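Since the structure comes first, as structure tokens, the remarks are kept for the end.
Derivation of every value follows stated rules applied to the coordinates shown; laboratory data play no part. Keep in mind it's a predicted model, so treat the numbers as computed, not measured. Because the Cβ atoms are built from the backbone with ideal geometry, glycine has one as well, and the counts that use them run over all protein chains shown.
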Amino acid sequence: MVKILIVEDQVLIANHIKNILNENNYTQIDIAYKINQAIEKLNSFKPDVVLLDINVEGRDTGIDWAKQHVKEAKIIFITGQSELSTLQKALEVNPVSYLTKPVRTIDLLAALQLVVINNKSNYVVIRDGHNEIKLNTNQILFVKSDKNYIDIQTPGKKYTVRNTLDNFYKDLDPAVFCKIHRSYIANVSKIAQKKSNAVIIDKYELPLSRNCDLIF
């Protein structure tokens, strides 16, 4: 799931954005109302996306802060301005999108979906014990559903994570991964053999649904 940091000095707007995200199943969210809070949370929360008010503590301060501090997270700018000069300056940071206030739900969700699509081929963030790790999706052989948990199998280790299969599937690239059974997602590139009712990945035999139109 995408981790989102909202940097917005207007409390009502920040909370409104958070509510929109919660209502649309984005749950890993943090808020910074000031620049100094944003620096701390950027390092501790390690967001994938920063929803950043361009004028968080003065004109264009969000842009200047992003240039200095945001190295890995994707940026979505939020602003009440529409001046061309501000837009041109914001584009120097290479943001994913640029949203104007009042923020519309459809625009916000579309911008976040762009981030998800761009990240699908790279990694997923999962919890391993007390730690969060970035797992390269190319390492994943298959994913198995186990009630309220999923087992993520890699060549060297199995990770058990509290999540649903369908929810986890949203973070994977559909060109690489296929839901082959109601309880299994397979990395198609790892399939060595396909049978009438099963597929072979490494030393594992996984059930294959009759309704699954699998091409590998």
- Could you sort out which of Lys134/Lys170; Lys41/Lys157; Lys134/Lys190; Lys46/Lys144 sit more than 23 Å apart by Cα distance in this structure? Lys41/Lys157; Lys46/Lys144
- Task: Calculate one ³J(HN,Hα) per residue across the range 96-102 by plugging θ = phi - 60° into the Karplus curve 6.51 cos²θ - 1.76 cosθ + 1.60, and present them in order as whole Hz with x for glycine and proline.
- Result: 5, 7, 9, 10, 9, 7, x
- Query: To the nearest 20 debye, what charge dipole does the range 67-216 have about its Cα centre, counting +1 at the Cβ of each Lys and Arg and -1 at the Cβ of each Asp and Glu?
  - Reply: 280
- Item | Rounded to 5, the percent of DSSP beta bridges in the chain classed as antiparallel | 60
- Note on the structure: Per the charge dipole of the range 28-95 (beta-carbon charges, Lys/Arg positive, Asp/Glu negative, Cα centre), the residue among Asn55, Ile39, Leu91 reaching farthest to the positive end is Ile39
- Message: Apply the a/c threshold of 1.5 to the C-alpha gyration tensor of the range 1-117 and tell me whether it is rounded, prolate or oblate.
- Response: rounded
- What order, most packed first, do the peptides 89-101, 2-14 have when packing is the mean number of other Cβ atoms within 10 Å of each residue? 2-14, 89-101
- Count charges around Tyr33 for me, please; just the other residues with Cβ under 14 Å from its Cβ, Lys/Arg as +1, Asp/Glu as -1. -3
- HN-Hα J in Hz across the range 10-27 - Karplus 6.51, -1.76, 1.60, θ = phi - 60°, x for Gly and Pro: 8, 4, 4, 5, 4, 5, 4, 5, 4, 5, 4, 5, 4, 5, 10, 6, 8, 10
- Task: Work out how far the C-alpha atoms of the chain reach from end to end along every principal axis, then list the three figures in whole Å, largest first.
- Result: 63, 34, 28
- In what sequence, highest mean first, do 32-38, 200-206 appear when ranked by Cβ atoms within 10 angstrom? 32-38, 200-206
- Message: Can you work out the Karplus-derived ³J(HN,Hα) for every residue in the range 159-175? Use 6.51 cos²θ - 1.76 cosθ + 1.60 with θ = phi - 60°, whole Hz, and x for glycine or proline.
- Response: 9, 9, 10, 7, 5, 9, 4, 5, 5, 5, 4, 4, 8, 9, 6, x, 7
